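For reference, the structure is listed below as structure tokens.
The values are calculated or read from the model by the stated rules, or taken from the named source; none is laboratory data. Here the structure is a predicted model, which is why all the values come from computation and not from measurement. Here the Cβ positions follow ideal geometry from the backbone for every residue, glycine too, while neighbour counts run over all protein chains shown.
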Amino acid sequence: MNKVNTYICAVLIMTTVACSERSSMTSLYDISVQTIQGESILLSEYRGKTLLIVNTASRCGFTGQYEGLQTLYETYQDQGLVVLAFPSNNFMGQEPGSNESIATFCETRFQTSFPLFAKVDVKGKNQHPLYAWLTSEENHPSFGGRVSWNFNKFLISPEGKVINRFGSRIAPNQKQVIAAVEQALPNQIFEQE
């Protein structure tokens, strides 16, 4: 009985610590990520920028969206937009490659120049803290919820808040994405139509 009580206490302590660590990450800018080259950075490097965070895959029916993401980035980067791509192998093994092969694929096939990050889990027990934060329905009641497939897009304000979300079937070059990005830019210079 003593061993059972000790075990229960240990589990409760570990659960409390894990929950407090997760809940202490209240800001996007507290989250650490790894670049595709293996360098750890805090997302605070992007404070003041409008972000479009996308889970990507090289062998997906939506892989062609890399081209639209690059065009969006080239069009609006001078106004403060940064596209952040997070490769993921969570959906039918559609991103099986190494970080190096993913980087080569993106650069040679789509000439991407926006930041690529190391492969992450966007769902499941090994979900990356970034995706735990993005999908939290508690933190983001309007935009939380699980990632449904590759190329889900989260639009983040310059203040670090999730302000819109687009599913896989909504391409980066669609009017609703472009309008939302333009409205969210730190130095909004576009006229409302």
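If you take the residues in the stretch 69-96 that are more than 16 Å from TRP149 (Cβ to Cβ) and out of contact with any Ser or Thr (no Cβ under 9 Å at 6 or more places or on another chain), which one is surrounded by the fewest Cβ atoms within 10 Å (Cβ to Cβ)?
ASP78
For the stretch 111-153, name all the residues that are of a type in the set (Ser, Thr, Tyr) and touching a residue at least 60 places away in the same chain (Cβ under 8 Å). Break it down stepwise before answering.
Here is the first cut: in the stretch 111-153, the residues of a type in the set (Ser, Thr, Tyr) are 112-113, 131, 135-136, 142, 148.
TYR131, the sole residue that qualifies.
Output the number of residues of the stretch 28-62 satisfying the condition of being closer than 15 Å to PHE114 by Cβ and without any contact (Cβ under 8 Å) to a residue 24 or more places away in the chain. Reasoning before the result, please.
Kept after step one, since they are closer than 15 Å to PHE114 by Cβ, are these residues of the stretch 28-62: 33, 35-37, 41, 43, 45-46, 49-56.
Add one more test, that the residue is without any contact (Cβ under 8 Å) to a residue 24 or more places away in the chain, and what stays is 41, 45.
So the answer is 2.
Any idea which of (1) surrounded by 17 or more Cβ atoms within 10 Å (Cβ to Cβ); (2) modelled with pLDDT of 95 or more; (3) in contact with an Asp or Glu (Cβ under 9 Å, 6 or more places away or on another chain) is the one SER44 doesn't satisfy?
Just one mismatch for SER44, condition (1).
Is it the case, given these coordinates, that TYR131 is hydroxyl-bearing (Ser, Thr, Tyr) and over 19 Å from LEU42 (Cβ atoms)?
Working: hydroxyl-bearing (Ser, Thr, Tyr): yes; over 19 Å from LEU42 (Cβ atoms): no.
So TYR131 fails the test.
If we keep just the residues of the stretch 158-193 that are of a type in the set (Val, Ile, Thr) and at pLDDT 95 or above, which is farthest from the chain's Cα centre (by Cα)? First the steps, then the outcome.
First, pick out the residues of the stretch 158-193 that are of a type in the set (Val, Ile, Thr): 162-163, 170, 177-178, 181, 189.
Subsequent filtering for residues that are at pLDDT 95 or above retains 162-163, 170, 177-178, 181.
On the way: VAL162: 11, ILE163: 13, ILE170: 16, VAL177: 16, ILE178: 18, VAL181: 16 Å.
Checking each candidate, the answer is ILE178.
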